[in-house]
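J.: Take this structure first; my questions come after.
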Amino acid sequence: MAVREASASRPSARERLLAAANELFYNEGVHTVGIDRVIEQAGVAKASLYNTFGSKDELVRAYLEARHASVTQRIMRAVDRYDTPRERLLAVFEGQAELFAQPDYRGCAFALASAEAPSDGLVVHAAKEYRSWVRGLLTDLSTALGVTDPALMARQLHLLYDGTSQAVRMDRNLSAAAEAREVAALLLDASR
């Protein structure tokens, strides 16, 4: 009975592999970290990796999908706290601020991974999907607000979004998200 309880509370091999990949890939780089380090940190057999993911590339894909899902949840929680279109759009930067406040924040996982990736690989594809989601969200929120050119506003806000991430990463400017929110409010006001 005790053995069954212990195994029920222990994370699955998949969960342990993803946790190890998340930590190592984010902190040290997708291409720098070898699969043996991930396997060792996860405490699984090599066969577990290949049975679960098939390859390192598929583990990288799962890692980036998990990062995308995590950021999506954080941003949408912030957006969903508000009712008015203006506040919902500005809340995107509040969601970013919550991410930046994490002590292990090193920058955008997609920017970090794609900086060292081949231009036609799965990392770049995952980064494009993430960026497309951000742009789509900003476009939808701009449309709901009734700005004159929602696509243009979304592109401008996306530049601000990206720059905010870099300011926190490169300068450790933890007030960047609040500053970006203020600039976004000025853009919104000027567009209406």
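J.: Determine which single condition Val92 fails, assuming it passes every other condition in (1) without any contact (Cβ under 8 Å) to a residue 12 or more places away in the chain; (2) in contact with a Lys or Arg (Cβ under 9 Å, 6 or more places away or on another chain).
T.: Answer for Val92: the failing condition is (1).
J.: Is at least one residue of segment 59-73 part of a helix (DSSP H, G or I), surrounded by 15 or more Cβ atoms within 10 Å (Cβ to Cβ) and of a type in the set (Ser, Thr, Tyr)?
T.: The answer is yes; a qualifying residue exists.
J.: Still on this structure: Is it true that Ala144 is more than 26 Å from Ala21 (Cα to Cα), of a type in the set (Gly, Ala, Ser) and buried (at least 19 other Cβ atoms within 10 Å of the Cβ)? Walk me through it before giving the result.
T.: Details: more than 26 Å from Ala21 (Cα to Cα): yes; of a type in the set (Gly, Ala, Ser): yes; buried (at least 19 other Cβ atoms within 10 Å of the Cβ): no.
Answer is no for this residue.
J.: Follow-up. Where residues in segment 76-100 are buried (at least 19 other Cβ atoms within 10 Å of the Cβ) and among the aromatic types (Phe, Trp, Tyr), which of them is farthest from Ala177 (Cα to Cα)?
T.: Across segment 76-100, the extreme among qualifying residues is Phe100.
J.: Being out of contact with any helix residue (DSSP H, G or I) (no Cβ under 8 Å at 6 or more places or on another chain), more than 24 Å from Glu65 (Cβ to Cβ) and surrounded by fewer than 17 Cβ atoms within 10 Å (Cβ to Cβ) narrows it down to one of Ser175, Ser119, so name that one.
T.: On the way: Ser119 fails: more than 24 Å from Glu65 (Cβ to Cβ).
After applying the criteria, what remains is Ser175.
J.: Consider only pairs whose beta carbons are under 7 Å apart and that are at least six residues apart or on different chains; among these, list those whose first residue lies in segment 163-192 and is more than 16 Å from Ala111 (Cα to Cα) and part of a helix (DSSP H, G or I) and whose second residue is aromatic (Phe, Trp, Tyr) and modelled with pLDDT of 95 or more.
T.: Ala177/Phe93; Ala180/Phe93; Arg181/Phe93; Ala184/Phe93
J.: What number of residues within segment 12-44 are farther than 24 Å from Tyr105 by Cα and either free of Cβ contacts under 8 Å to residues at least 12 places away in the same chain or surrounded by 14 or more Cβ atoms within 10 Å (Cβ to Cβ) (or both)?
T.: Keep residues of segment 12-44 that are farther than 24 Å from Tyr105 by Cα, which gives 12-13, 36, 43-44.
Next cut, either free of Cβ contacts under 8 Å to residues at least 12 places away in the same chain or surrounded by 14 or more Cβ atoms within 10 Å (Cβ to Cβ) (or both) only: 12-13, 36, 44.
Of the residues in that region, 4 qualify.
J.: Just to be sure before I move on: is Tyr82 outside any helix (DSSP H, G or I) and over 30 Å from His31 (Cβ atoms) in the structure I sent? Break it down stepwise before answering.
T.: Details: outside any helix (DSSP H, G or I): yes; over 30 Å from His31 (Cβ atoms): yes.
The answer is yes for Tyr82.
J.: If you don't mind, there's one more thing I want to ask. Restricting to segment 18-39, name every residue that is in contact with a Phe, Trp or Tyr (Cβ under 7 Å, 6 or more places away or on another chain) and outside any loop (DSSP other than H, G, I, E, B). First the steps, then the outcome.
T.: Of the residues in segment 18-39, the ones in contact with a Phe, Trp or Tyr (Cβ under 7 Å, 6 or more places away or on another chain) are 18, 21-22, 25, 33.
Across segment 18-39, the qualifying residues are Leu18, Ala21, Asn22, Phe25.
The values are calculated or read from the model by the stated rules, or taken from the named source; none is laboratory data. Being a predicted model, the structure only gives us computed values, none of them experimental. In this analysis, Cβ positions are derived from the backbone assuming ideal geometry, glycine residues included, and neighbour counts consider all displayed protein chains.
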